[in-house]
Amino acid sequence: IDGNQEFVGQGLSNLAGAFFSGYASSGSFNRSGVNYEAGAKTPLAAVLSAVFLIAILLLVAPLARYLPVPVMAAILFIVAYGLIDFPHIRAILRSGRSESLVLVTTFCATLLLDLDFAIYLGVIVSLMVFLYRTSQPAILDVKPDPADGSYHHSADTGLPDCPQVKMLRVNGAIFFGAVDHVENILRKVDAENP
C-alpha cells in the first residue's frame, strides 16, 4: 500500500469536488488495509465492499448491537497493525541520526498531541533537517584523475596538490542558504594556501 498515493488521491478528489459542489471525501486506511489483506487488486473492490457493507448493515445490524465495542476496536487495531511497515522503520533508524530524529519526533507527537499538529511538527522538523543538510554542502579537494583518457576530477587519486591551482568541488546545490558555509570553507582554504 502506498500511503502517499492514497493521500494524493484523496486530495485530488477533494480538489475536484470543490469546483463541482461535491461533498468533502475521505478514505480509510483501515479499509485499504482490509482490501489489501483480502487480495483486492482494482478499485472495483471499494464498490463491492460498499455493496456488501449495505447488505451487512441490513441483515446483521440488529446482531451487532450485542458485539462489545472493545471487540470492534480490536478488529481495527489488528488491521491497523498490518499497515505498519517495520522493515522500513528499521531502515530509517539505521540510516542516520537526522532521519531517526524526524521519525521519533513525529511518532511521539502523534501519541501526545493532536494529529494535525503532530503532522505539522513532523513536516517542520523534516524541513529543518533538509535545510541544515543543504546549507552545508560537502566541499572536496579534487585532482585530475590520472587514468588515460579520463577528464574527471576525483578526491581519492592520492596525487599531491598543484602548487598554482587549488581545485575544489561542491557536492550539492549552491543556493542562498549555503553561501556562508561555502564562503567560510573558501576563506579557510585561502588562509592555509595563500
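The values are calculated or read from the model by the stated rules, or taken from the named source; none is laboratory data. These figures come from a predicted structure and were not determined experimentally. Heads up, the Cβs are rebuilt from the backbone with ideal geometry, glycines too, and the neighbour counts pull from every protein chain shown. Heads up: the accessible areas ignore ligands, DNA and RNA and are worked out on the full protein's heavy atoms, side chains in. Shrake-Rupley method; radii C 1.70, N 1.55, O 1.52, S 1.80 Å.
Take the conditions (1) at pLDDT below 85; (2) open to solvent by less than 50 Å² (accessible area, probe 1.4 Å); V125 misses just one of them, which is (1).
Can you tell which of I174, I139, I185 is within 30 Å of L101 (Cα to Cα), of a type in the set (A, V, I, L, M, F, W, C) and part of a loop (DSSP other than H, G, I, E, B)? Spell out how you get there, then give the answer.
On the way: I139 fails: part of a loop (DSSP other than H, G, I, E, B); I185 fails: part of a loop (DSSP other than H, G, I, E, B).
One residue alone meets the criteria, I174.
Here is a yes/no grid of residues against (1) aromatic (F, W, Y); (2) within 21 Å of the chain's Cα centre (by Cα):
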{"residue": "S126", "(1), (2)": "no, yes"}
{"residue": "Y151", "(1), (2)": "yes, no"}
{"residue": "A155", "(1), (2)": "no, no"}
{"residue": "V170", "(1), (2)": "no, no"}
{"residue": "D180", "(1), (2)": "no, no"}
{"residue": "E183", "(1), (2)": "no, no"}
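For the residues V51, V69, V142, V125, the requirement of being touching a residue at least 12 places away in the same chain (Cβ under 8 Å) and farther than 30 Å from D156 by Cβ singles out V125.
Counted as qualifying within the stretch 1-105 are the helices (runs of 4 or more DSSP H) with 3 or more residues that are surrounded by 10 or more Cβ atoms within 10 Å (Cβ to Cβ) and within 28 Å of the chain's Cα centre (by Cα), namely 3-19, 29-38, 69-82, 86-95. Scanning the stretch 166-180 for residues that are open to solvent by less than 80 Å² (accessible area, probe 1.4 Å) and closer than 26 Å to P194 by Cβ turns up K166, M167, L168, V170, N171, A178, V179.
Within the group P146, P163, which residue is modelled with pLDDT under 80, loosely packed, with under 10 Cβ neighbours inside 10 Å and not in a helix (DSSP H, G or I)?
Values: P146 fails: loosely packed, with under 10 Cβ neighbours inside 10 Å.
Being modelled with pLDDT under 80, loosely packed, with under 10 Cβ neighbours inside 10 Å and not in a helix (DSSP H, G or I) holds for just one of P146, P163, which is P163.
Do we find a residue being open to solvent by 80 Å² or more (accessible area, probe 1.4 Å), at pLDDT 85 or above and among the acidic types (D, E) anywhere in the stretch 107-122? Checking the stretch 107-122: at least one residue is open to solvent by 80 Å² or more (accessible area, probe 1.4 Å), at pLDDT 85 or above and among the acidic types (D, E).
The residue pairs whose first member lies in the stretch 152-180 and is closer than 16 Å to F130 by Cα, whose second member is open to solvent by 70 Å² or more (accessible area, probe 1.4 Å), and whose beta carbons are closer than 8 Å, counting only pairs six or more residues apart or on different chains, are G177/L131; A178/Q136.
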